[in-house]
Amino acid sequence: MAKPRRKTAKHSRPDFRLTEVSPRLLRLVTVFALALVLLGAVLGARAFLNNPENLSISRVDVQGERKFIKDTELQAVIEKYTHTNLYLLDTDALEADLETLPWVRAVNLRKAWPDQLIVSVEEQHPVAFWGKERLMNQYGELFAADLPAMRGIFPTLYSPEDKGREMGERYIQVKGWLKGLPLEISELTEDEGGSWRLKIKGGPEVLIGNENQERRIERFKVGFQRELASKLGNLRRVDLRYTNGFAVEWKQSPIGSRGSTGGVAGVRDVKERA
């Protein structure tokens, strides 16, 4: 009689339970998965934006008061850079290129996503000519531009060291010293030796020198009020570089100009000392 088979005990595998996974491991897996998703999104967005045909710049808004700047000049520069999107736009190069235009003092660019570029332009505000080829703005900064319509209206300033701000302040100072006289300064310049030279509009050239400028201007002011006002149109040059007076060069020597002119102390015809 056959013996009954003994059943072999089966070792059952334990069921995998999510609750048995470490919470710390779950957090790590979750963070890793999210990081992969974000990385994929970033790489996808970058690939999208690296194509200049995607979200290309469709609007350019130029802001700022413009009296001398021509819009055609601005557009010619801007169009070289805007055949792309805001992500790929080289803002530094565009700003630098715009600021090379003669009448542009500064530029600020703002991106208005997804497709608008805002260009804020600060125009140069001229207040004086600087020599024959440049202009000076209200900050004493010099820039290369021409404004023929203002020749004879704006004063001309100059120093060989390009001291724009200092010469601007000096111009205001000299105007104050001449206050009360019916004279308008058309030029104020300084040579390499620091000697000041003044040109009166419709009147003489005035050599001031490099020292005691205020005292010399005051002496000229007294002499002008006493004697020279009526002869302004005949004055060619006034030289204030004297200790106790000044010399006058006439366009045509007036009667009695030899020696003391009208009894004004220290005023003598420059031809006598030549």
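Looking at the structure I just gave you, is residue 171 open to solvent by less than 60 Å² (accessible area, probe 1.4 Å) and hydroxyl-bearing (Ser, Thr, Tyr)? The answer is yes for residue 171.
Please tell me if residue 158 is closer than 22 Å to residue 209 by Cβ and open to solvent by 50 Å² or more (accessible area, probe 1.4 Å).
Details: closer than 22 Å to residue 209 by Cβ: yes; open to solvent by 50 Å² or more (accessible area, probe 1.4 Å): yes.
Answer is yes for this residue.
Of the residues in region 125-148, how many are modelled with pLDDT of 95 or more, open to solvent by 20 Å² or more (accessible area, probe 1.4 Å) and of a type outside the set (A, V, I, L, M)? Going through region 125-148 one residue at a time, the tally reaches 5.
Which one of 151, 216, 165 is touching a residue at least 24 places away in the same chain (Cβ under 8 Å), closer than 27 Å to residue 100 by Cα, among the basic types (Lys, Arg) and open to solvent by 20 Å² or more (accessible area, probe 1.4 Å)? Break it down stepwise before answering.
Values: 151 fails: touching a residue at least 24 places away in the same chain (Cβ under 8 Å); 216 fails: closer than 27 Å to residue 100 by Cα.
Matching residue, one of 151, 216, 165: 165.
Taking the criterion of being over 13 Å from residue 69 (Cα atoms) and among the aromatic types (Phe, Trp, Tyr), the residues of region 96-153 that qualify are 113, 129, 130, 139, 143.
Just for strands (runs of 3 or more DSSP E) wholly inside region 227-274: which have at least 2 residues that are modelled with pLDDT of 50 or more and open to solvent by less than 50 Å² (accessible area, probe 1.4 Å)? Let's see the steps before the verdict.
Details: elements: 235-239, 246-250, 267-269.
Strands (runs of 3 or more DSSP E) meeting the threshold: 235-239, 246-250.
Among all positions in region 188-200, there is no residue which is open to solvent by less than 20 Å² (accessible area, probe 1.4 Å), closer than 22 Å to residue 100 by Cβ and at pLDDT 95 or above.
State yes or no: is residue 207 hydrophobic (A, V, I, L, M, F, W, C), over 26 Å from residue 139 (Cα atoms) and surrounded by fewer than 17 Cβ atoms within 10 Å (Cβ to Cβ)? Answer is no for this residue.
The values are calculated or read from the model by the stated rules, or taken from the named source; none is laboratory data. Owing to the predicted nature of the structure, the values given are computational and were not obtained by experimental measurement. Cβ coordinates were reconstructed from backbone atoms using ideal geometry, including for glycine residues, and neighbour counts include every protein chain displayed. Remember, those area values only see protein heavy atoms, side chains included, never the ligands or the DNA or RNA. Shrake-Rupley method; radii C 1.70, N 1.55, O 1.52, S 1.80 Å.
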